[in-house]
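Report on the structure given below.
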Amino acid sequence: MYLKKFALDGRTAVVTGAGQGIGLACAEALSEAGAAVVLTDISEERCENGRLALEARGHRVETRVLDVTDSASVDHVAEALAASGRSADILVCNAGIAQAGLPVELMSDADWLRMIDINLTGVFRCCRSFGRLMLEKGSGTIVNVGSMSGTIVNRPQAQSHYNTAKAGVHHLTRSMAAEWATRSVRVNAVAPTYIDTPLLEFARQDTALFNEWLDQTPMHRVGRVDEIASVVLFLASDASSLLTGSIVAADGGYTCW
């Protein structure tokens, strides 16, 4: 009974920013559970890199170029899938950027707006376009990738724009969940700690910074992409059918202190 709740056979899953890192791992997890995965990213090259990586592991996925900063691009992918009879049953909003070491007093409007546009408004655009179609058919599940940075202020690096964007993702998640709860569309989020991806390479070069992060983490390690993808799979599946508006911390205990 219980293992069947994780099965996604017959469902279409769209993952944004899936060319590498957490998004790629999420695409693999959903595919392994039986979903027909549509891997999306900002360029053909990133989509192709993701597709080849998954095919090498025995997974077949479809790819679409999707730019979360462009409403027309998001609408096009959502509507094209619906027109082909494969409207998304699952949406994973993972696309995002990271930037640290930029104090507020030195932050330009461009720095702030770019972060908010990609990491927060990009999630809104995708949830709006795909969520609208889910509401029309009366079912769907959305999983947003937030961050522990949406709950705490990271130290020692300055990244107010990133923290603010992720806090917005968390509250957007709760707000949509409340609006759509009676219409059979669930919305949840995962809030990861520092994850071992290419985005973390800058920190590995700064031993003092990296060690401080580890010292602040009860498990004394960073996370792996598969550990986040496992939470996303749970939230995307019927195993989490009572959850909506939940922000699941996957942070090695970081926010406990």
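The values are calculated or read from the model by the stated rules, or taken from the named source; none is laboratory data. Keep in mind that this is a model prediction, so the values were computed, not measured. So basically every Cβ, Gly included, is an ideal-geometry build from the backbone, and we count neighbours across all protein chains shown.
How about the range 39-50: which of its residues are outside any loop (DSSP other than H, G, I, E, B) and within 18 Å of the chain's Cα centre (by Cα)?
Taking the range 39-50 first, the residues outside any loop (DSSP other than H, G, I, E, B) are 39-41, 44-50.
Result: 39, 40, 41, 46, 47, 50.
Just checking, which of 81, 102 is in a helix (DSSP H, G or I) and either free of Cβ contacts under 8 Å to residues at least 60 places away in the same chain or more than 16 Å from the chain's Cα centre (by Cα) (or both)?
None of the other options fit; the residue is 81.
Looking at 65, 77, can you tell me which residue is surrounded by 14 or more Cβ atoms within 10 Å (Cβ to Cβ), of a type in the set (Val, Ile, Thr), touching a Phe, Trp or Tyr at 6+ places or on another chain (Cβ under 9 Å) and closer than 24 Å to residue 117 by Cα?
The unique qualifying residue is 77.
Of everything in the range 140-198 that's hydroxyl-bearing (Ser, Thr, Tyr) and surrounded by 19 or more Cβ atoms within 10 Å (Cβ to Cβ), which residue is farthest from residue 214 (Cα to Cα)?
Just the residues of the range 140-198 that are hydroxyl-bearing (Ser, Thr, Tyr), to begin with: 141, 147, 149, 151, 160, 162, 164, 173, 175, 182, 184, 193-194, 197.
This time we only want the ones that are surrounded by 19 or more Cβ atoms within 10 Å (Cβ to Cβ), so: 141, 147, 149, 162, 173, 193-194, 197.
On the way: 141: 33, 147: 17, 149: 15, 162: 20, 173: 29, 193: 11, 194: 9, 197: 16 Å.
Per the stated criteria, the residue is 141.
Can you find, within the range 203-213, the residue that is modelled with the lowest pLDDT among those that are more than 12 Å from residue 157 (Cα to Cα) and assigned to a helix (DSSP H, G or I)? Walk me through how you get there before you give the answer.
Initial filter on the range 203-213 (more than 12 Å from residue 157 (Cα to Cα)): 204-205, 207, 211.
If we keep only those that are assigned to a helix (DSSP H, G or I) too, we end up with 204, 207, 211.
Working: 204: 79, 207: 89, 211: 93.
Only one residue fits best here, namely 204.
Pairs needed: first member in the range 124-151, in a helix (DSSP H, G or I); second member anywhere, basic (Lys, Arg); C-beta distance under 7 Å; at least 6 residues apart or different chains.
Sorted first by the residue in the range 124-151, then by its partner, the pairs are 135/183; 149/166; 150/166.
Given 121, 63, which one is in contact with a Leu (Cβ under 8 Å, 6 or more places away or on another chain) and among the β-branched types (Val, Ile, Thr)?
From the options 121, 63, the qualifying one is 63.
Which residue pairs have Cβ atoms under 8 Å apart, sit 6 or more places apart or on different chains, and have a first residue in the range 8-32 that is more than 14 Å from residue 60 (Cα to Cα) and a second that is surrounded by fewer than 24 Cβ atoms within 10 Å (Cβ to Cβ) and modelled with pLDDT under 95?
Partner pairs satisfying both residue conditions: 20/197; 20/198; 21/197; 21/198; 21/199; 22/197.
Based on this model, can you work out whether residue 95 counts as touching a residue at least 24 places away in the same chain (Cβ under 8 Å), crowded, with 19+ Cβ neighbours inside 10 Å and not in a loop (DSSP other than H, G, I, E, B)?
So residue 95 does not fit the description; no.
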